[in-house]
Amino acid sequence: MTDICPKCGLPKELCVCDVLDKEAEGKIKVYTKKAKFNKLVTIVEGITPGEVDETTKDLKRTLACGGTSKDNMIELQGNHKSKVKNVLIGLGYKESNIDVA
C-alpha cells in the first residue's frame with residue numbers, strides 16, 4: 001500500500017506539496033559581501049528554515065564550492081551571484097521570488 005501525504009491526502013507519488021511550498025514562499029535575496037582577508041562570500045537569504053540545509057547541500061555540490069548555513073542564511077565561498085539564480089530555479093524556486101543584488 002502506498003503512503004499518503006498528510007497535507008494534501010494524495011499518494012506520495014502524486015504529491016506536489018514541496019513544489020507548492022517553494023512557490024508560495026517570500027523573496028530570496030542573493031548578494032555578496034567581503035569576509036576575512038578581503039575574500040568574497042555569496043549570501044542567500046529568505047529560504048524557509050526547513051529547507052535551508054538541503055538547499056545548502058545542493059548549492060555547494062552544484063557550484064563546487066564550500067559554504068555553510070547560519071541563522072537561516074546560506075554562505076557560499078566565492079562570488080557565485082550570477083550562477084545561484086539558475087541553480088535555485090532548477091531546484092524548484094520561482095524565478096520572480098529570487099532577487100540578485
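Laboratory data are not the source of any read-out in this text; all were calculated from the coordinates shown. Nothing here was measured: the structure is a model prediction, and the numbers come from that model. Virtual Cβ from ideal backbone geometry, glycine too; neighbours counted across all protein chains shown.
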- Message: How far apart, in nanometres, would the label points at D53 and E95 be if each is projected 7 angstrom from Cα along the Cα-to-Cβ direction?
- Response: 3.2
- Sum -39500 (n - 2.57) across every DSSP H segment of at least 4 residues in the chain, then divide by the residue count to get the 222 nm mean residue ellipticity, nearest 500. -8500 deg cm²/dmol
- Would you mind working out the magnitude of the charge dipole of the chain relative to its Cα centre, with +1 at each Lys and Arg C-beta and -1 at each Asp and Glu C-beta, to the nearest 20 Debye? 720
- Query: What ranking do 91-98, 8-15 get when scored by the average of other Cβ atoms within 10 Å per residue, highest first?
  - Reply: 91-98, 8-15
- Förster-model FRET efficiency, 22 Å R0, K34 and S82, C-beta, rounded to 0.05: 0.80
- Task: Please report, in cubic angstrom per residue, the volume enclosed by the convex hull of the alpha-carbon atoms of the chain.
- Result: 108
- Task: Tally the DSSP beta bridges in the chain and give the antiparallel ones as a percent, rounded to 5.
- Result: 80
